[in-house]
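Worksheet: the structure to be examined is printed underneath.
The values are calculated or read from the model by the stated rules, or taken from the named source; none is laboratory data. All figures in this text were calculated on a predicted structure; none of them were measured in a lab. Cβ atoms come from the backbone with ideal geometry, glycine included; neighbour counts cover every protein chain shown.
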């Protein structure tokens, strides 16, 4: 994968009028909670892609991905009646013809989807593999630095790690060699949770009683934030009702619940620690990118402080970690961008 593909927020969220002769195909991003569709369109040169007609639906509102895709095609004016190519990013493992969503009841056959939608070409990849394919297209404006270091863009050489928090915990990586990218698709979010402070060790003990084996995703996800709140409350001797991630975030933002404030802070610190472990494991000295819409609702100064604290707390490697860039991805449709680049380069 080469080039410097661009997709702007303005292009991705509207603009129903576009050159139908330049359509590359349908793109989709299937998460545990929502599914997004868009139309990938080639730009004026070989290195530009726009995504039009982006729409988001609740997964639970549709019985299958095929049903959702057909609904999108029927309900969205201005898209070509015939689309015979598609690229789909999924929050789960892609195993030959079978796709199982990790945090959703959906599973489907790639062949059956292709037949139902009359696709002549269909690419299905893990959502964080899709993010990896988008890295070569990201611009400085699409990122927000955590700390003083910045990722060098466009990335020409080396390794970049990717972490994403949402319904689940996504993990991937990108290896660049003279501007050509190889993408690592992983299930690293299901690696074991490795606490590095007395507080997080106590949280692990609480989680072990609830789940037995504890993965990083049990802490670093929407459900993970709820787990942190419950654990911290019970450790403090307070028996409180469970809160959703949105409720924890809201109470933390307005300062009405000290346990919510600390749950969000600990979430960020553990996220930083996990990202640092990933950087060490992959040798991602070029940087780590973190995605997740939920992060936009956290206090930014606190987020940066606690993430860097966890990221750099690596013993003898602390001095080296201080020089590794960490940035959050602010691009609104990065998975769709990656899927669009798959269509461009296939």
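Are any of the residues in the range 63-75 part of a loop (DSSP other than H, G, I, E, B), modelled with pLDDT of 90 or more and more than 11 Å from residue 26 (Cα to Cα)?
The first filter runs over the range 63-75 and keeps only residues part of a loop (DSSP other than H, G, I, E, B), leaving 63-64.
Filter once more, so that each one left must be modelled with pLDDT of 90 or more: 63-64.
After this cut, where a residue has to be more than 11 Å from residue 26 (Cα to Cα) as well, the list is 63-64.
Yes.
Can you tell me how many residues in the range 309-336 are touching a strand residue (DSSP E or B) at 6+ places or on another chain (Cβ under 7 Å) and assigned to a helix (DSSP H, G or I)?
4
Taking the criterion of being touching a helix residue (DSSP H, G or I) at 6+ places or on another chain (Cβ under 7 Å), under 18 Å from residue 27 (Cα atoms), touching a residue at least 60 places away in the same chain (Cβ under 8 Å) and surrounded by 14 or more Cβ atoms within 10 Å (Cβ to Cβ), would at least one residue in the range 142-153 satisfy it?
no
Filter the range 215-270 down to residues that are under 19 Å from the mean Cα position of the chain (by Cα) and not in a helix (DSSP H, G or I) and give me whichever is nearest to residue 200 (Cα to Cα).
Among those residues, the one meeting the criterion is 219.
Restrict the check to the range 47-58 and report whether at least one residue is loosely packed, with under 13 Cβ neighbours inside 10 Å and part of a loop (DSSP other than H, G, I, E, B).
No, the range 47-58 has no match at all.
Taking residue 292, is it modelled with pLDDT under 95 and either over 14 Å from residue 314 (Cβ atoms) or buried (at least 16 other Cβ atoms within 10 Å of the Cβ) (or both)? If you could, list the steps in order and put the result at the bottom.
Values: modelled with pLDDT under 95: yes; either over 14 Å from residue 314 (Cβ atoms) or buried (at least 16 other Cβ atoms within 10 Å of the Cβ) (or both): yes.
Criteria met by residue 292.
So which residues in the range 190-214 are touching a residue at least 60 places away in the same chain (Cβ under 8 Å) and part of a helix (DSSP H, G or I), if there are any at all?
199, 200, 203
Of (1) more than 18 Å from residue 279 (Cβ to Cβ); (2) buried (at least 17 other Cβ atoms within 10 Å of the Cβ), residue 120 satisfies all except one. Which?
(2) is the only condition that residue 120 fails.
In the range 286-308, what residues are out of contact with any strand residue (DSSP E or B) (no Cβ under 7 Å at 6 or more places or on another chain) and within 22 Å of residue 223 (Cα to Cα)?
Correct list: 293, 296, 297, 298, 299, 300, 302, 303, 304, 306.
Looking only at the range 61-72, which residues are free of Cβ contacts under 8 Å to residues at least 24 places away in the same chain and either closer than 12 Å to residue 34 by Cβ or surrounded by 15 or more Cβ atoms within 10 Å (Cβ to Cβ) (or both)?
As a first pass, look at the range 61-72 and keep what is free of Cβ contacts under 8 Å to residues at least 24 places away in the same chain: 61, 63, 67, 71.
Correct list: 61, 71.
Output the residues belonging to the range 167-187 that are closer than 18 Å to residue 326 by Cα and either outside any strand (DSSP E or B) or in contact with a helix residue (DSSP H, G or I) (Cβ under 8 Å, 6 or more places away or on another chain) (or both). Write out each step before concluding.
At the first step, the residues of the range 167-187 found to be closer than 18 Å to residue 326 by Cα are 169-176.
Those that are closer than 18 Å to residue 326 by Cα and either outside any strand (DSSP E or B) or in contact with a helix residue (DSSP H, G or I) (Cβ under 8 Å, 6 or more places away or on another chain) (or both): 169, 170, 171, 172, 173, 174, 176.
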